[in-house]
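Asker: Have a look at this one before I ask anything.
The values are calculated or read from the model by the stated rules, or taken from the named source; none is laboratory data. Given the structure is predicted, the values throughout are model-derived calculations rather than measurements. Neighbour counts run over all protein chains shown; Cβ positions are idealised from the backbone, glycine included. Just so you know, the surface numbers come from the protein's heavy atoms only, side chains and all, with ligands and any DNA or RNA stripped out. Shrake-Rupley method; radii C 1.70, N 1.55, O 1.52, S 1.80 Å.
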Amino acid sequence: MNIIFMGTPEFAVPSLEILLSSHHNISAVVTVPDKPQGRGLKLSESVVKSFALSRNLKVLQPDKLKDNDFIKDIISLAPDLIVVVAFRILPKEIFTIPKFGSFNLHASLLPKYRGAAPINWALINGDTESGVTTFFLKERVDTGNVIIQNKCSIEEDDDAGTLHDKLSKLGASTVLSTVNLIEMTNGNVPVYEQDEVLFTTAPKITKEFCKINWDNRAATVYNFIRGLSPYPASYSIMDGKMIKIFKTAKTDNDSSGNFQPGKINVINGKILVDCADGKLEILSLQMEGKKRLNSREFLNGFSFSHDASFDLSN
């Protein structure tokens, strides 16, 4: 199979790597243009571009996907298939070019969690199961006919980082299985439509959204924090300073019911914060302008006042 691969972040690299190790041919890799970053505005390339160049692959970086020259480049490569993993929304002019069409890998069990942040939302919502889906592209985002779905469990101590890595590896094997199936059936692969009754969204995470609401139940706050860790990271404000919180632990709920949401207590070397129905222990955090520390390291250099509390206002 002659394949054009499209992707940008680290999540996509295992899928590209497994295709390279197969008998299929990668005629080009499409990724985003280099972007200026840092104080010196030095151009930074995507992780997928770096990997592709290390394997001497042809790399295309169009500014606009509807650009006529880019469309001509894709046509000239005569792809049998376009494989998309964590890239931009493809226009119809592109995804209809290949002989066998174009498919996308999505990090959820579609139609659940259509959108930009399926991994984060699965954790925030306290799900115990996730997975990946390959589907043929349609003009409406994440709505195409499903080819393959594979599931994985979400463990209690998973966060967005660990689940990302699980799904990236599971996604790679699913991508290869999908390509092999399309080849074996000569494009007549069995598919099924998504059930719109089951559809939910996974919208992009904003900075404002990441502020912790300690007025929620402890289990809700616990899931919120791990769903945003390590990136973009949840945070709270104390005395005007932002503190990012990366990892917490559930504690035995105090049956007294005497909780003051946001109240911070240090007990036996543990940082405990009140929620609506109990306390969470903070295990990993980062003061504004400082590096990330575990709670013991943090307490070695910082003391909370007796009335310390996180700001509850939005």
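Asker: Go through (1) surrounded by fewer than 21 Cβ atoms within 10 Å (Cβ to Cβ); (2) more than 25 Å from residue 226 (Cα to Cα); (3) not hydrophobic (A, V, I, L, M, F, W, C) and name the single condition residue 134 misses.
Answerer: Of the numbered conditions (1) surrounded by fewer than 21 Cβ atoms within 10 Å (Cβ to Cβ); (2) more than 25 Å from residue 226 (Cα to Cα); (3) not hydrophobic (A, V, I, L, M, F, W, C), the odd one out for residue 134 is (1).
Asker: Check off (1) in a loop (DSSP other than H, G, I, E, B); (2) touching a residue at least 12 places away in the same chain (Cβ under 8 Å) for residue 206 and give me the number that stays unchecked.
Answerer: Going through the list (1) in a loop (DSSP other than H, G, I, E, B); (2) touching a residue at least 12 places away in the same chain (Cβ under 8 Å), residue 206 breaks only (2).
Asker: Considering only region 10-31, how many residues are farther than 14 Å from residue 172 by Cβ, within 23 Å of the chain's Cα centre (by Cα) and open to solvent by 20 Å² or more (accessible area, probe 1.4 Å)?
Answerer: So the answer is 0.
Asker: May I ask you to list the residues in region 201-241 that are crowded, with 16+ Cβ neighbours inside 10 Å and aliphatic (A, V, I, L, M)?
Answerer: Hits for region 201-241 are 202, 205, 212, 218, 221, 225, 228, 233, 237, 238.
Asker: Shifting gears a bit: Answer with yes or no whether residue 282 is touching a Ser or Thr at 6+ places or on another chain (Cβ under 7 Å), in contact (Cβ under 8 Å) with a residue 24 or more places away in the chain and buried (at least 16 other Cβ atoms within 10 Å of the Cβ).
Answerer: It is true that residue 282 is touching a Ser or Thr at 6+ places or on another chain (Cβ under 7 Å), in contact (Cβ under 8 Å) with a residue 24 or more places away in the chain and buried (at least 16 other Cβ atoms within 10 Å of the Cβ).
Asker: Then there's this: Would you pick out the residues in region 39-61 that are more than 20 Å from residue 73 (Cβ to Cβ) and at pLDDT 95 or above?
Answerer: 47, 50, 51, 54
Asker: What number of residues within region 108-133 are closer than 30 Å to residue 75 by Cβ and in a loop (DSSP other than H, G, I, E, B)?
Answerer: Of the residues in that region, 2 qualify.
Asker: Right, next: For residue 36, work out the one condition from (1) touching a residue at least 24 places away in the same chain (Cβ under 8 Å); (2) over 21 Å from residue 161 (Cβ atoms); (3) in contact with a strand residue (DSSP E or B) (Cβ under 7 Å, 6 or more places away or on another chain) it doesn't fulfil.
Answerer: (1)
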